[in-house]
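The values are calculated or read from the model by the stated rules, or taken from the named source; none is laboratory data. Remember, predicted model here, so these are calculated numbers, not experimental data. Quick reminder, even Gly has a Cβ in these numbers, built from the backbone with ideal geometry, and neighbours come from all protein chains shown.
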Amino acid sequence: MSVISRKNILRSIREKRDYNFSNTDLSDIDLSYVDLSFTDFSDTSLRNANLSSAELYRADISRADLSGAQLTDAIIIRATAVCASFAEAKLTGAVFSHSNFSYARFTGANIPGANFAHAILSYAKLSDANLSRARFFNADLSDADLSGANLSRAMLVGADLSEADLSCVDFTNADLAGAVFMGANFNNANFVNADLANADFTDADLSGVSFANANLKGSNFSKAILSRVDFSGANLDGAIFDEDQEIQPGAKFSTFCRSSPGQRSGV
């Protein structure tokens, strides 16, 4: 892996000679505030690099190692970051919209207030990451691992979290209206005061989940596992449960009335 300096990178970009820095060692480099749009950083080491406020529009950072990097307020729009590592990176306020982060690693990263609108994060690893106030409008988080992550006050309206691992996630005061959680694992997750109107929990494992004071109006719980679920104070108006669904011991429900054949709705 070759080594290159900030000076050489800036000269190459300025002279428009070379945007390909793949398979390069750029560890600890300072590229803050630099326009790196369309640059190829695939398979590059950017460990502990400073990319604060850098712009990487349509950049290729596939398989790049950005562990411990500083990317506060970075702009990474429509980029390709498949299998990239952002473990323990600092990503406060960064914009990742419309980018592909499939199989990327954000384990333990600090990402509050970041924007992942319309991003692809399928099979991504975000366990124990701080994602408070992050925005995931219509993002694809299917099969992602967010176990133990902080998503308090996050916005995931219309996001797809099918088959995701959401065990022990903190969704306190989060907005998840219309989100899809089909087949997801929510063991001991916290949705206190969250907005989950019209969310789809079909086939999800909700064991030990707290929905206390949450808005679950119109949500679908068909075939979901409801062991030790706390619905105390929740709005279950129009919520859908299977007629033959087993209500596990310890679950706290409002009363039910029949809404349609084969289903029952919380009131």
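Results, tabulated for the structure shown:
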{"quantity": "Filter result for the condition that a residue is touching a residue at least 24 places away in the same chain (Cβ under 8 Å), farther than 18 Å from L131 by Cβ and among the acidic types (D, E), over D237, D200, D205", "calculated": "D237"}
{"quantity": "Output for the range 70-91, where each listed residue is assigned to a loop (DSSP other than H, G, I, E, B), under 18 Å from N50 (Cα atoms) and not hydrophobic (A, V, I, L, M, F, W, C)", "calculated": "T72, D73, E88"}
{"quantity": "Counted residues, the range 66-91 - those being closer than 12 Å to R47 by Cβ and out of contact with any Leu (no Cβ under 7 Å at 6 or more places or on another chain)", "calculated": "4"}
{"quantity": "Check on F201, aromatic (F, W, Y), surrounded by 20 or more Cβ atoms within 10 Å (Cβ to Cβ), out of contact with any Asp or Glu (no Cβ under 8 Å at 6 or more places or on another chain) and at pLDDT 95 or above", "calculated": "yes"}
{"quantity": "Qualifying residue in the range 97-106 (condition: assigned to a loop (DSSP other than H, G, I, E, B), without any contact (Cβ under 8 Å) to a residue 24 or more places away in the chain, aromatic (F, W, Y) and touching a Cys at 6+ places or on another chain (Cβ under 8 Å))", "calculated": "yes"}
{"quantity": "Residue among S207, S254, S227 that alone is surrounded by fewer than 22 Cβ atoms within 10 Å (Cβ to Cβ), within 24 Å of the chain's Cα centre (by Cα) and at pLDDT below 95", "calculated": "S207"}
{"quantity": "Test: L91 is surrounded by 24 or more Cβ atoms within 10 Å (Cβ to Cβ) and over 14 Å from the mean Cα position of the chain (by Cα)", "calculated": "no"}
{"quantity": "N173 being of a type in the set (S, T, N, Q), at positive phi and in a loop (DSSP other than H, G, I, E, B)", "calculated": "yes"}
{"quantity": "Residue that is surrounded by fewer than 21 Cβ atoms within 10 Å (Cβ to Cβ), touching a strand residue (DSSP E or B) at 6+ places or on another chain (Cβ under 7 Å), farther than 22 Å from F116 by Cβ and of a type in the set (S, T, N, Q), where the choices are S37, S32, S22, S12", "calculated": "S22"}
{"quantity": "Residue within the range 63-79 that is within 16 Å of L10 (Cβ to Cβ) and not acidic (D, E) present", "calculated": "no"}
{"quantity": "Test for D203: is it part of a loop (DSSP other than H, G, I, E, B) and farther than 21 Å from S227 by Cβ", "calculated": "no"}
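A quick yes/no check of all residues on (1) among the acidic types (D, E); (2) in contact with a Pro (Cβ under 7 Å, 6 or more places away or on another chain); (3) on the phi > 0 side of the Ramachandran plot; (4) not in a loop (DSSP other than H, G, I, E, B):
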position: G108; (1), (2), (3), (4): no, no, yes, no
position: S127; (1), (2), (3), (4): no, no, no, no
position: S132; (1), (2), (3), (4): no, yes, no, no
position: D143; (1), (2), (3), (4): yes, no, yes, no
position: R153; (1), (2), (3), (4): no, no, yes, no
position: S167; (1), (2), (3), (4): no, no, no, no
